[in-house]
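To start, I am sharing the structure in question, which I have written as structure tokens.
The values are calculated or read from the model by the stated rules, or taken from the named source; none is laboratory data. Note that the structure is a prediction, hence the values are computed from the model and not measured. Virtual Cβ from ideal backbone geometry, glycine too; neighbours counted across all protein chains shown.
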Amino acid sequence: MKILVINSGSSSLKYQLIELPANKLLCKGLVERIGLADGQLHYTTDTQNIDKVMDIPNHQVGLEAVAQLLMDPKVGVIADASEIQAVGHRVVHGGNAFTQTVLIDNKVKEVIKSLFSLAPLHNPANYMGIEVAEQVFPQAAQIAVFDTAFHQSIPEKAFRYALPPEFYEKEHIRMYGFHGTSHQYVSEQAIEHLGKPNSKIITVHLGNGCSITAIKDGKSIDHSLGFGPMNGLIMGTRSGDIDQAVVLHLIDKMGYTAKEVADLLQKKSGMLGLTGMSDLRDIESAAEQGNPQAQLALDMNVYRIKKYIGSYMAALNGLDALVFTAGIGENSDVIRKMVCENMEFLGIEMDFEKNKGRKKQFTEVQTPTSRVKIYVIPTNEELEIARQTYELVHP
């Protein structure tokens with residue numbers, strides 16, 4: 001079965017065509033700068049690597065261009081669109097309406113729309129990707145895989161906020177969690193490697209968005225992101241955890257509107273707010289050159305991660321493996337080293353030589369005497385989405 005996986009952003013569209021159950025990647029690519037005159041289309045197969053600059057006014061034009069390449073007599077990997085039997089969509093927020101992967105119908109689309117306010121940077125773009133795929137691949141089953149679904153196993157004592165019950169019962173205000181497909185994928189890889197289904201794992205997803213999850217026996221039991229994808233760890237442009245009194249001060253004393261506060265905390269804070277830079281490579285380089293703001297930002301970032309690791313080890317009552325993943329987790333040996341330094345009391349001892357460099361495959365970086373395994377596992381959210389789509393639609 002050939003499954004097209006789509007991860008639609010506000011001005012981009014990532015895609016992979018995967019054949020299951022063989023887990024064979026047929027092609028992958030990215031449509032970016034959608035809506036701008038110099039839109040870009042990237043398409044890669046085993047034998048082809050195509051980059052085009054073209055006018056891509058909207059997502060439909062972008063996906064239609066991808067479909068043309070997929071079926072192109074010279075560079076394509078399918079004969080016609082009917083070969084794609086299912087399209088798996090990443091949807092960031094499923095609220096408490098979706099605990100698992102679902103076949104998309106009008107009712108599902110309406111619920112996704114109703115959750116726009118909870119994930120304003122993601123759900124509208126995810127919804128747009130669904131609408132476009134329905135037009136371009138009308139014969140395919142459209143499947144939604146929710147970032148929040150993996151975290152539905154978190155117990156009530158962890159997902160509830162200390163608010164009067166009506167806010168939960170009527171408004172469904174609770175912790176939902178995100179990056180679920182990534183945390184699920186790498187935790188499954190870690191469990192398989194450990195050979196221990198009843199394991200205690202902490203997965204650390206570090207990219208422009210960051211989160212950390214406590215996983216017991218393969219199930220999420222706590223997670224750093226909450227009602228929306230803003231709190232927890234310090235991120236590229238998001239502040240992470242912040243005292244609620246700061247929000248009240250910004251509104252009551254400084255005259256900020258709620259929208260201005262949201263823009264500040266989501267788009268102008270985090271590493272960007274601390275340093276003026278959002279790319280961690282630039283921040284690490286600046287710190288090496290003695291920039292005190294860059295060094296402080298790295299120290300703050302790492303300190304927050306360490307605190308979460310400690311609290312999750314308490315929640316798990318131990319730890320078998322610590323997993324780093326996603327763009328920063330896989331590629332920044334600096335962040336990994338800083339996180340694992342001075343953690344010997346907790347049984348975390350890193351081999352700093354093994355840790356050096358980017359990791360493009362599953363790598364163990366602990367010392368022989370470390371009580372905790374330290375893994376760097378490249379995430380593959382697209383493969384996880386394809387697998388869940390296959391399990392739902394395969395007869």
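From the set of residues in the range 24-46 that are at pLDDT 90 or above and in a loop (DSSP other than H, G, I, E, B), which is nearest to Ala67 (Cα to Cα)?
The selected residue is Thr45.
A further question on this structure: Output the residues belonging to the range 256-280 that are out of contact with any Leu (no Cβ under 8 Å at 6 or more places or on another chain) and of a type in the set (A, V, I, L, M, F, W, C).
Hits for the range 256-280 are Ala258, Ala262, Leu265, Leu272, Met277, Leu280.
If you don't mind, another one. Between residues in the range 328-342 that are closer than 10 Å to Asn355 by Cβ and modelled with pLDDT of 95 or more and residues that are surrounded by 21 or more Cβ atoms within 10 Å (Cβ to Cβ) and not hydrophobic (A, V, I, L, M, F, W, C), which pairs lie under 7 Å by C-beta distance while being six or more apart or on different chains?
As it stands, the answer is none, since no pair meets every condition given.
Return the residues of the range 271-299 that are aliphatic (A, V, I, L, M), part of a helix (DSSP H, G or I) and surrounded by 15 or more Cβ atoms within 10 Å (Cβ to Cβ); say none if nothing qualifies.
Met271, Leu272, Leu274, Leu280, Ile283, Ala286, Ala287, Ala294, Ala297, Leu298
Inside the range 143-180, can you point out the residues that are surrounded by 23 or more Cβ atoms within 10 Å (Cβ to Cβ) and outside any loop (DSSP other than H, G, I, E, B)?
Residues satisfying the conditions are Ile143, Ala144, Val145, Phe146, Ala149, Phe150, His151, Gly180.
Quick one: in the range 251-270, which of the residues that are touching a Ser or Thr at 6+ places or on another chain (Cβ under 7 Å) and among the basic types (Lys, Arg) is surrounded by the fewest Cβ atoms within 10 Å (Cβ to Cβ)?
Of everything passing the filter in the range 251-270, Lys268 is surrounded by the fewest Cβ atoms within 10 Å (Cβ to Cβ).
Considering only residues that are in a strand (DSSP E or B), touching a residue at least 60 places away in the same chain (Cβ under 8 Å) and hydrophobic (A, V, I, L, M, F, W, C), which ones fall in the range 375-392?
none
Within the range 319-326, is there a residue that is part of a helix (DSSP H, G or I) and at pLDDT below 95?
Looking through the range 319-326, at least one residue is part of a helix (DSSP H, G or I) and at pLDDT below 95.
Among the residues of the range 335-374, write down those that are in a helix (DSSP H, G or I), hydrophobic (A, V, I, L, M, F, W, C) and surrounded by 13 or more Cβ atoms within 10 Å (Cβ to Cβ).
Residues satisfying the conditions are Ile335, Met338, Val339, Cys340, Leu346, Phe352.
Take the range 239-270 and flag every residue that is under 18 Å from Gln293 (Cβ atoms) and either among the aromatic types (Phe, Trp, Tyr) or in a loop (DSSP other than H, G, I, E, B) (or both).
Ser239, Gly240, Lys268, Ser269
Select from the range 128-141 the residues that are buried (at least 20 other Cβ atoms within 10 Å of the Cβ) and touching a Lys or Arg at 6+ places or on another chain (Cβ under 9 Å) and list them in ascending order.
Within the range 128-141, Gly129, Ile130 qualify.
Can you tell me which residue in the range 93-118 is surrounded by the most Cβ atoms within 10 Å (Cβ to Cβ), limited to those that are of a type in the set (Val, Ile, Thr) and out of contact with any Leu (no Cβ under 8 Å at 6 or more places or on another chain)?
Ile112
Val87: in contact with a strand residue (DSSP E or B) (Cβ under 6 Å, 6 or more places away or on another chain), modelled with pLDDT of 90 or more and assigned to a loop (DSSP other than H, G, I, E, B), yes or no?
Against the criterion (in contact with a strand residue (DSSP E or B) (Cβ under 6 Å, 6 or more places away or on another chain), modelled with pLDDT of 90 or more and assigned to a loop (DSSP other than H, G, I, E, B)), Val87 does not qualify.
Can you pull out every residue in the range 47-72 that is buried (at least 18 other Cβ atoms within 10 Å of the Cβ) and assigned to a loop (DSSP other than H, G, I, E, B)?
Result: Ile56, single match.
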